[in-house]
Structures are given as C-alpha cells and as structure tokens.
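The values are calculated or read from the model by the stated rules, or taken from the named source; none is laboratory data. Keep in mind that what you see is a predicted model, and the values were worked out from it rather than measured. Glycine also receives a Cβ, built like all others from the backbone with ideal geometry; neighbour counts cover every protein chain displayed. With ligands, DNA and RNA removed, areas are computed over all heavy atoms of the protein, side chains included. Shrake-Rupley method; radii C 1.70, N 1.55, O 1.52, S 1.80 Å.
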Amino acid sequence: MSDTSYDLGSAGFSTRAIHAGQPFDPSTGAVVPPIYQSSTFVQDGIGGFRGGYEYARSANPTRDSLQELLAALEGGTAAFSFASGLAAEDALLRSVLKPGSRIVMGNDVYGGTHRLVNRVWTPWGVTLETAEMTDLDAVRAAVRPGETAVLWVETPSNPLMKISDIAALAEIGHAAGALVVVDNTFASPYLQQPLALGADVVVHSTTKYIGGHSDVVGGALVVKDEALAEAIGFIQFGAGAVSAPMEAWLTVRGIKTLGVRVDRHSSNGLALARALEAHPAIDRVYYPGLESHPGHELAARQMTAFGGMISVSLAAGPAAARRFAESTELFQLAESLGGVESLIGYPTEMTHASVRGTELEVPDTVVRLSVGIEDVADLLADVEQALDRSAS
C-alpha cells in the first residue's frame, strides 16, 4: 500500500494539483474519489453527523474535495466553490459590504463583474468607483481610508490585458483598511499566486482555465483570513449558490492537468502574439508576453508565463474586426475562454456589452482570442486566413 503521509505542503504545483484533497477511496482503493451524488446524509441519532455531513447545501464530500484542492493551489487557509464565478463574487460582496460601502475597481474588468456591482449592489447603497489600476497614484487617490471596503483588481485584465502590481496595490489597499481582491481567472494559480503577493482574496471563474474543458460552470473564492472564511462560509450555506457534486468533480478532473495545459496555452499564445504583432492588418496586440507590452516586465516578475489570452485591434476599423471574428474556422466564435479549444469573441457586443457607455467600454476595433492547445501551426494558419478575409 502506498504511503498516505506524503507532505503535500512541500510538493510542487502539479503534484498538489493531482493529489491535494484526492485520497484514494478507503473502501475500494479507487484512485479517483467517487462523486457523492447525494442530497442528504443519514445521521447516527439526532445531530449525530457522520463526518460532519448533514445536507448537501451545507457540505458535500465532493465539493469539500475541490475546496481543499483549490486552497492548496492558491496557498489559502480556505476555499469555497460556487455555482458560477458571479455567484462567488456575490457571496464575497455579501460577506463584506453594507450600505454606504465603497468599491474601487479597475477600469478594465470582466463586464459581468462590473454589472454585478453597478446594477445589483449600487441600488442597495454601495458606491462604485473605477480607477486605472496600472497607475498607483490614481489608485491612491481613489481609495479613501475608512470608506473604501474593497479594492478589486483583475490582472491580466479582461479584455485589454493590463497588468497591475498586486503587491503594491495590496499595500495601498491595506493602508486604507480595504480588502484586496484579485480576480486570477486569466492567469490561473499555475501562473500567478496573488495571496503570496499580499492579496486577501482570490476569485476565479473555475469555468475557465481551472475547469479547462468547456463542460462545467463554476466559481471559487480562496482566502487567508479565518474570520473572513467563516463569514463567506455562512453566506455559502445561507444563500446556497453552491457547486453541485458533478460540477465539483468535473472541476477537480480539469485541475489535474492544469499545469500541462497552461504550459501549452502559454507557448501557443506567445507564438500567435508575435505573429499578430508583425501582421499589417493588426494595429495593436494586447499580450503581456510581448516586450512591447507596457506591463511586460511586471508580468515577468509576478507571473511564471504569460497565458493564452490575446486581444488585438484591427487597423482597418470595426467592420474589419467583426469580419475577422466571424471568419476563423478553428477559433470558434463563442463566449468564455480557457478551454482546450480555441475561441474568438468580439467583446463590445459579447462579453462586455453591458459596459457600453461606461468608462469600461471596449473599443469596437478589438477582438479577443482564447488560444487553445491545438497544434500551433494550425492556429497560425487559421488566423492568417481570417485576417485575409477580413480585409476583403
């Protein structure tokens, strides 16, 4: 029988991704823990819970397995798995906000995050202010000591791939008494560790790179502080937007290959970004792996590679951008990102339609690519033919 006392705390990332929260089943020896597809659990007398399990909204072994794994990957004390990324974000906000609270958020973030705060939370008395997160002086001016409850950071940002200094922003936020939240969805814990850089909370849409196969929707929070974990845990239980057992199991399945997948996403992404930068139809490439990117040096310090997300601005204008997005063949026109297959989108009318008319409005010349793990020569050929068609 294999030794089950291996110290995963000192293990490498991919070892933790495969083994943390994943002991073999003690009754059968199954290497993959089973899916506990049960809504309730038999009690040994009234209040006598077996292993702490009572009802699947409050706890489920499959969800607990995922949560233990996520905490291990992000270096947190606790993690919480939700039905979607926005459900995770909402649970966090419920845990820390009250009428009169202020949130300072970057001026380039996922449109759904801005919509959640702007259209759900501000009617309840929360104030939202946006700032250029790459400008530390602008953030200092926006964050008000004693008033700002949350400093919300997204890096790399969606879709303009801005890189923000997590450690410096954590210092600014903490000096003002704010909770520092980092959306780590684009990087994944494989490329970036916000908690180690000073953040208080990491947010993920686990639908994206963590799940990795475009077959599951989910979200997660990972925290360091035990009191905050207790507050989030109550909201998870009390409001109930939990991930279901099958979704949790699929997410764990995806995590086990996160390292090798993101290595390929990153190498493919860099190859495409370099090719696009040299193409006459492209006015600008937004990819932190390029030396021309204003955040390249910072990204190289706080990330281990640059990921698979690229945005480009078409030199010929919005009509060409639309034609490009609709002309690819391997890159499929769809919302979402981070799956093994390559996707392409037109943010201003897709993922970021809700922020049109705001400071976060995405230029209508911009197209976003989620570079998958297909053979890079095929992806390069597809982009080339689509750019040729966009010019016609």
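Couple of notes before you dig in:
- Summed over region 359-373, the residues that are open to solvent by less than 60 Å² (accessible area, probe 1.4 Å) and touching a Ser or Thr at 6+ places or on another chain (Cβ under 6 Å) give a count of 6.
- Per the listing T328, T348, T358, the residue uniquely in a helix (DSSP H, G or I) and β-branched (V, I, T) is T348.
- So S292, is it among the polar types (S, T, N, Q) and more than 21 Å from the chain's Cα centre (by Cα): yes
- Flag for R356 being open to solvent by 50 Å² or more (accessible area, probe 1.4 Å) and not aliphatic (A, V, I, L, M): yes
- Test: residue in region 218-237 that is on the phi > 0 side of the Ramachandran plot, open to solvent by 10 Å² or more (accessible area, probe 1.4 Å) and either modelled with pLDDT under 95 or more than 15 Å from the chain's Cα centre (by Cα) (or both): no
- Filtered residue count, region 304-321, keeping only those that are open to solvent by 10 Å² or more (accessible area, probe 1.4 Å) and touching a Leu at 6+ places or on another chain (Cβ under 9 Å): 3
- Meets criteria (of a type outside the set (A, V, I, L, M, F, W, C), at negative phi and in a helix (DSSP H, G or I)) for T134: no
- Annotation note: Cβ proximity below 7 Å between a residue of region 282-306 that is more than 14 Å from P159 (Cα to Cα) and a residue that is surrounded by 20 or more Cβ atoms within 10 Å (Cβ to Cβ) and of a type in the set (D, E, K, R) (sequence gap 6+ or interchain) occurs for G295/K162; L298/D165.
- Listed conditions (1) in contact with a helix residue (DSSP H, G or I) (Cβ under 9 Å, 6 or more places away or on another chain); (2) modelled with pLDDT under 95 are all met by F13, apart from (2).
- Checking Y55 against (1) touching a Ser or Thr at 6+ places or on another chain (Cβ under 6 Å); (2) over 22 Å from A231 (Cβ atoms); (3) of a type in the set (F, W, Y), the condition it does not meet: (2)
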